[in-house]
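J.: Mind having a look at this structure? Questions to follow.
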Amino acid sequence: MTRRFWVFIEQNHGEMHPVAAELLGVANCLVSEVADELKASGEEAVVEGILVGHDVDNVAKEALMYGAERIYHVDDPAFEHYLNRPYTEALTHLVEKYKPEVFLIGATTLGRDLAGAVATSIKTGLTADCTKLEMGPFRKIEKKLLLATRPAFGGNVIATIVCKDHTPQMATVRPRVFETPVRNPKAKGEIIQESFEVTPEMMAAQLVEFINDQTTNLNLEYAEVIVSGGKGLGNSKGFELIKELADELGGVVGSSRAAVDGGWIDYAHQVGQTGKHVRPKLYVACGISGAIQHKVGMQDSDYILAINTDPQAPIFEVSTLGVVGDLYEVIPEMIKQLRAQKGASA
Amino acid sequence: MSKDKLQYDVIVVGAGMAGSTAAAIAAREGLNVAVIERGVKPGSKNYFGGALYTHALVDIYPDFFDRKPPLERPVTETGFWFLSDDGLVKATVQGGVVNSDPIDAYVALRAEFDPWWAEQAVAEGAFIIPKTLVEDFLYEDGKVVGVKTDRPEGDVYAPVVIVCEGVNNLLTQKLGLIDHDLKISKTALAVKQMISIPAKDINARLGLPDNNHGMAISVMGDVSMGLAGLGFLYTAKGALSLGVGVTLDALQESGIKPYELLQRYLEHPAIAPLIKDGQMMEYGAHLIPEGGWTTMPRLYTDGVLVAGDAASMVNALHWEGTNMAITAGKQAGLTAVEAHKKGDFSAKSLSTYQDKLSDLFVLQDMKQYRKFSAFLKNHPQFMDIYPTFINDALGMFFTGFGKPKRKLYKDILRSLTSRRPLFKAIGDIIAFGRSIIGI
Amino acid sequence: MIHLLVSVKQVPDTTNIRIDPETGSMIRKGVPAILNPYDAHAVASAAEWKKKLGGKLTVVTMGPPAAEEALQECIEMGADRAVLVSDRAFAGSDTLATSYVLAEAIRKIDQEDHVDMVFFGKQAIDGDTAQVGPGVAIRLGLPLVTYAVEIQDINEEEGYALIIRKTESGKEIIKTKLPAALTAEKAIADIPYAALPDLITSLKYKPEVWSAQEPVAYDVAQIGLEGSPTMVAKSGSPEAHEPAETISVEENGLAGAVETALGKMLSNTSVAALLEDQQ
Ligand SMILES: Cc1cc2nc3c(=O)[nH]c(=O)nc-3n(C[C@H](O)[C@H](O)[C@H](O)COP(=O)(O)OP(=O)(O)OC[C@H]3O[C@@H](n4cnc5c(N)ncnc54)[C@H](O)[C@@H]3O)c2cc1C
Ligand SMILES: Cc1cc2nc3c(=O)[nH]c(=O)nc-3n(C[C@H](O)[C@H](O)[C@H](O)COP(=O)(O)OP(=O)(O)OC[C@H]3O[C@@H](n4cnc5c(N)ncnc54)[C@H](O)[C@@H]3O)c2cc1C
Ligand SMILES: Nc1ncnc2c1ncn2[C@@H]1O[C@H](COP(=O)(O)O)[C@@H](O)[C@H]1O
């Protein structure tokens, strides 16, 4: 028997969501974690992608390059725009047909909408917003299970969840929690067209209009440099300074929830457990104390610089480097020195 | 009046200790009582040390202990601790008088006790309206006939309103029962932390035999950083409550931040080991009226009675407040019942409330301690010099081996007189005595 | 007459949480329970539409007896009827079992009095799973609109609703046939400050309590621990980190501290490369 590790390939108007690549990377890690079992049993394990949409063959090819061995593709004009019911029914159909062992879905707006419905429809367990996934032993159960770890109670607790007698074992993962695997343009694999009939009953809800909104389209998650401001700014004007530094560093503006709650900046900028999960190359935290809910959203960043007046601020626990000082002094000085350097090198 | 107006026999403002007591007593006598509380729940906005006093509780519910009240530990050891900057002298009692049956005082958590105390009032028939702020009074012919709340269609009517709004007595001021707002020289700010520590560690660190023993300690000396004030330590089951109260004006003048004060206390070498590895459960600050008699408003007017902290009924030296609030709440409740019997809610009719309190410890103590807060303010030496002296004196007494004792006593005396001339010290003691005896 | 239904949950106020350092579990004692904030906004929206169209608003929850308080709060906001589905047998239910319990309860209410729309909160702040709404919708076969930020119209006569939902890239206007389900963002409606008489009515209101047998006879294999495929294998506190190296402005002077910091930062090759690209 083949052990199938499935990834939902989310796409938007013909473009693959980067979270799909991240999940393919994780799925491959999971497969390697059961290598010993495969050896003993002689079974094989594969990573497969599930793609639903209309006219999105390019996405299928893209997914192969990130490590899917096979793509099951359902194509129908009805799938042009995402809608809960038809997508749920299509996935349910495929799961029932192929019986995957693990099924991963991105915890995006779309993925969260979909995952809960699919899990209920096939009556299996689903662990949301995981921050760690591994295949490991659980009690006396013969085969390794998916050990899905996630924060609970506002990030104060970290819990590992298993789904022991139901398959697929389902989990959702937020974008940027895992790294993007290397893209291999030469990767080969098969794309299997699946037929699925969309009934009128499934189309009870339909998209009337889409309003593109640039302010929510900040792409914070995939920015390479983020400069974030918190309550320590003291007021909304402080974000002008943050923006200035962000521009200087070629980055975008992030924030803590306290700043969002204060009405100083839009929610789209919020980093953290109830905001965005980010992992830029450089994260600069200004006037942010480093509450657990903020840290979980940014601690995977490569380089973290924190500026805070309080030497005890917990943000320093996850930082690479800290400056203890008033941001209203430190940031202007930093901008000044950065400009001077640029001037010198130009 | 368009629709049915909201009409009760009695309105109680505030579901604290005073309010829930007044409501229970009035409801018990068959009156239709509404208690209006701004918090989400009774107790949700209340903090305190603190200990509750059995005499007052049992007076309201003789079967108090059978009702399974949420109490933490009985107070089996109580007294003073005197802190110098790095030392501690304990003057506490246990056993003897303290070991009464039932025990005289119990440590409780207000967040748990207040809702329970309010439930007892509900069981007597009172109705509690939470999440609603009383903003003002309704008048007819110059007499109070109800209250105005912050909600739409929020007027509530009753011929008598019992104001138990606590220390920040805006309504009492609105009525003109007192001619000033909070006096910062007569109001203390208490900051405290509840620190959770396993019960067995608490017992080991404080030398308590088991969870049925507990402490209520007043702490003097280094704790208030020289400001007029007191610290405290109370034992809950699995937590210690530690805090400091100082008067607002002293705090303001010194520029010290409240949390600095508390931090300093918690880091004191004699205190820090008690809370080692503890987890902060709550941090709170609350005001305490300390003016006593001198800041007491008139206690009644047409259609209104005032009780508890709102009427400044606190004895700062003894940490007594809840018992006064309960006792005054009861008398206010009884007065409202009598007024209904008479059908007379005039100030004159309600004045019997004051007479009742005058016959009880409430007003007698208030009067007797009327000079205490002024005394404390004018004698800062009680906050630093004397506690330090006590530490030095006892320390020397028990370490001066090999020294001629006559010399030892001289040294001890000098450790006092170098800080405060003897005649002044004697004067201080007399002043202290007078301030608490009330002459 | 429109009949709207909101599924609400009582949750511990996670802004106020304490964790037992020994067991790693939440200390419930002293932690206030609140109506899940998203659910409160859902109720507020449903109450607005009920008022506008005339009709009825029912709320339902599955939870312990104390969840009664959350229901009272819904009555305060304008709900007419509240059902508390409460039984020890439900203890330990995960989202799959919860969606079963709620779906059957809603089915029962619908049989008595046809339901046109079922509202959920976007997610419950204790688990943040956002699974129950979609789960119930699928069980009831209802079209689902998640992340709703505005209801533009509910047209009972023609049997449709126009709902705006928010996605990552913008807003979608969805037209759905009725009956339908939605999950609400906070923006869907403001929480009203109830008039005093309404508050008093709610305080006196006693919700109906349903058990695992009556009026719905639940299949025991689908509820509680047994009906829950997921289980917590272990839980604990997040791991602690070592503090970073810090440079103090007070000790090094402003220019010096910033210079040292930038120097260190740029000695990291990947950061240096980033800023290089910039120029
Ligand atoms: C369920 C739940 C989910 C949450 N989700 C999130 C989330 O997704 N994201 C999030 O961020 N938070 C979240 N929070 C909130 C989080 O707990 C904190 O309250 C929040 O992160 C604090 O924001 P802050 O650090 O900006 O503010 P504060 O904690 O107030 O910190 C301000 C900091 O600024 C410093 N400062 C002040 N003045 C200056 C100055 N002039 N120069 C330099 N430093 C200065 C101070 O020393 C302090 O450290 C969540 C909370 C809960 C309960
Ligand atoms: C740190 C500290 C330690 C203490 N230790 C002790 C001790 O050990 N023993 C002791 O006996 N006493 C102690 N006290 C004093 C004691 O807590 C008070 O004296 C007592 O709580 C007074 O009760 P009350 O009912 O008058 O006021 P409160 O308990 O303060 O109740 C007032 C209530 O009214 C409500 N309210 C106020 N205004 C309005 C309004 N406009 N509309 C609606 N509701 C309103 C408030 O929300 C509150 O619930 C201590 C106090 C503090 C601060
Ligand atoms: N026990 C419950 N009772 C009623 N409704 C619930 C319950 N649990 C979750 N919900 C509803 O489902 C939504 C999403 O919850 P969750 O999936 O737990 O994040 C909530 O906002 C509620 O509307």
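J.: From B:G284, B:G291, grab the single residue that is within 14 Å of chain C (Cβ to nearest Cβ), away from ligand 3 (no atom under 16 Å from the Cβ) and farther than 24 Å from B:L31 by Cα.
T.: B:G284
J.: Further question: Check off (1) in a helix (DSSP H, G or I); (2) at pLDDT 95 or above for A:H73 and give me the number that stays unchecked.
T.: (1)
Residues checked against (1) under 20 Å from A:V102 (Cβ atoms); (2) open to solvent by less than 10 Å² (accessible area, probe 1.4 Å):
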| position | (1), (2) |
| --- | --- |
| A:E15 | no, no |
| A:V31 | yes, no |
| A:E44 | yes, no |
| A:H54 | no, no |
| A:A63 | yes, yes |
| A:R70 | yes, no |
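J.: Only residues that are more than 15 Å from the chain's Cα centre (by Cα), open to solvent by less than 10 Å² (accessible area, probe 1.4 Å) and within 13 Å of chain A (Cβ to nearest Cβ): list them for the range C:98-136, please.
T.: Selection gives C:V101, C:A103, C:M117.
J.: Oh, and also: Residue under question is A:I331, and the condition is that it be more than 25 Å from C:T167 (Cβ to Cβ), open to solvent by less than 20 Å² (accessible area, probe 1.4 Å) and hydrophobic (A, V, I, L, M, F, W, C); does it hold?
T.: Spelling it out, A:I331 is indeed more than 25 Å from C:T167 (Cβ to Cβ), open to solvent by less than 20 Å² (accessible area, probe 1.4 Å) and hydrophobic (A, V, I, L, M, F, W, C).
J.: Follow-up. If I filter the range B:113-134 down to residues being open to solvent by 50 Å² or more (accessible area, probe 1.4 Å) and part of a helix (DSSP H, G or I), which single residue comes out as nearest to the other protein chains (Cβ to nearest Cβ)?
T.: The residue in question is B:V122.
J.: Would you confirm, using the coordinates I've provided, whether B:A22 is touching a residue at least 40 places away in the same chain (Cβ under 8 Å) and in contact with a helix residue (DSSP H, G or I) (Cβ under 7 Å, 6 or more places away or on another chain)?
T.: yes
J.: Moving on to the next point. I'm trying to understand the selection: among the residues of the range A:270-292, which are facing chain C (nearest Cβ under 9 Å) and over 18 Å from A:E224 (Cβ atoms)?
T.: Those that are facing chain C (nearest Cβ under 9 Å) and over 18 Å from A:E224 (Cβ atoms): A:Q273, A:T274, A:I292.
J.: Suppose we filter C:A189, C:A124 for residues that are within 16 Å of ligand 1 (Cβ to nearest atom), among the small types (G, A, S) and touching an Asp or Glu at 6+ places or on another chain (Cβ under 8 Å); which single one remains?
T.: After applying the criteria, what remains is C:A124.
J.: OK, next. Could you say which residue among A:T92, A:T149 is assigned to a helix (DSSP H, G or I) and at negative phi?
T.: A:T92
J.: Give, as residue ranges, the helices (runs of 4 or more DSSP H) completely inside the range B:327-426 that count at least 3 residues that are over 26 Å from B:D85 (Cβ atoms) and open to solvent by 20 Å² or more (accessible area, probe 1.4 Å).
T.: It comes to B:352-358, B:361-368.
J.: Got a number for residues in the range A:121-147 being within 16 Å of the chain's Cα centre (by Cα), surrounded by fewer than 22 Cβ atoms within 10 Å (Cβ to Cβ) and more than 10 Å from every other protein chain (Cβ to nearest Cβ)?
T.: 1
J.: Inside the range C:37-143, counting only helices (runs of 4 or more DSSP H) that do not spill past its ends, which hold 3 or more residues that are within 29 Å of A:L83 (Cα to Cα)?
T.: In the range C:37-143, C:37-53, C:95-112, C:132-140 are the helices (runs of 4 or more DSSP H) which contain 3 or more residues that are within 29 Å of A:L83 (Cα to Cα).
J.: Would you mention how many residues in the range C:73-97 are of a type outside the set (S, T, Y) and crowded, with 21+ Cβ neighbours inside 10 Å?
T.: 14
J.: Among the residues of the range C:77-94, count how many are modelled with pLDDT of 95 or more and either within 16 Å of ligand 1 (Cβ to nearest atom) or acidic (D, E) (or both).
T.: Within the range C:77-94, residues that are modelled with pLDDT of 95 or more and either within 16 Å of ligand 1 (Cβ to nearest atom) or acidic (D, E) (or both) number 2.
J.: When both residues are 6+ apart or on different chains and their Cβ atoms are under 6 Å apart, which pairs have a first residue that lies in the range C:152-181 and is free of Cβ contacts under 8 Å to residues at least 40 places away in the same chain and assigned by TED's automatic domain parsing to the domain that holds C:L53, and a second that is outside any strand (DSSP E or B) and open to solvent by 50 Å² or more (accessible area, probe 1.4 Å)?
T.: What qualifies is C:S169/A:N217.
J.: I'm trying to understand the selection: among the residues of the range C:238-254, which are open to solvent by 50 Å² or more (accessible area, probe 1.4 Å) and either more than 7 Å from chain A (Cβ to nearest Cβ) or of a type outside the set (S, T, N, Q) (or both)?
T.: Result: C:E239, C:A240, C:H241, C:E242, C:P243, C:E245, C:E250, C:E251, C:N252, C:L254.
J.: Does C:E157 fit the bill of being surrounded by fewer than 24 Cβ atoms within 10 Å (Cβ to Cβ) and either more than 14 Å from ligand 3 (Cβ to nearest atom) or within 14 Å of chain A (Cβ to nearest Cβ) (or both)?
T.: The answer is yes for C:E157.
J.: Sticking with this structure for a sec: Taking into account only those residues within the range B:154-170 that are over 23 Å from B:A316 (Cβ atoms) and in contact (Cβ under 8 Å) with a residue 40 or more places away in the chain, which is surrounded by the most Cβ atoms within 10 Å (Cβ to Cβ)?
T.: B:I162
J.: Taking B:P387, is it touching an Asp or Glu at 6+ places or on another chain (Cβ under 6 Å) and under 30 Å from B:V75 (Cα atoms)?
T.: Taking the combined requirement at face value, the residue does not satisfy it.
J.: Right, next: Scanning the range B:153-192 for residues that are within 13 Å of chain C (Cβ to nearest Cβ) and outside any loop (DSSP other than H, G, I, E, B), which turns out farthest from ligand 1 (Cβ to nearest atom)?
T.: Once the filter is applied, the top-ranked residue is B:Y157.
J.: Looking only at the range B:53-111, count every residue that is in contact with a Ser or Thr (Cβ under 8 Å, 6 or more places away or on another chain) and of a type in the set (S, T, Y) and tell me the total.
T.: The number of residues fulfilling the criteria is 5.
J.: Just the residues that are assigned to a helix (DSSP H, G or I) and surrounded by 21 or more Cβ atoms within 10 Å (Cβ to Cβ), please, taken from the range B:240-265.
T.: Hits for the range B:240-265 are B:A250, B:L251, B:L261, B:L262, B:Y265.
J.: With respect to B:V89, is the statement that it is of a type outside the set (D, E) and modelled with pLDDT under 95 true?
T.: Against the criterion (of a type outside the set (D, E) and modelled with pLDDT under 95), B:V89 qualifies.
J.: Please find, within the range B:135-152, the residue that is nearest to the other protein chains (Cβ to nearest Cβ) out of those that are surrounded by fewer than 16 Cβ atoms within 10 Å (Cβ to Cβ) and not in a strand (DSSP E or B).
T.: B:P152
The values are calculated or read from the model by the stated rules, or taken from the named source; none is laboratory data. Computed from a predicted model, the values in this text were never measured in an experiment. We place every Cβ from the backbone using ideal geometry, glycine too, and count neighbours over all the protein chains shown. Side chains are part of the model used for accessible areas, which takes the heavy atoms of the whole protein and leaves out ligands, DNA and RNA. Shrake-Rupley method; radii C 1.70, N 1.55, O 1.52, S 1.80 Å.
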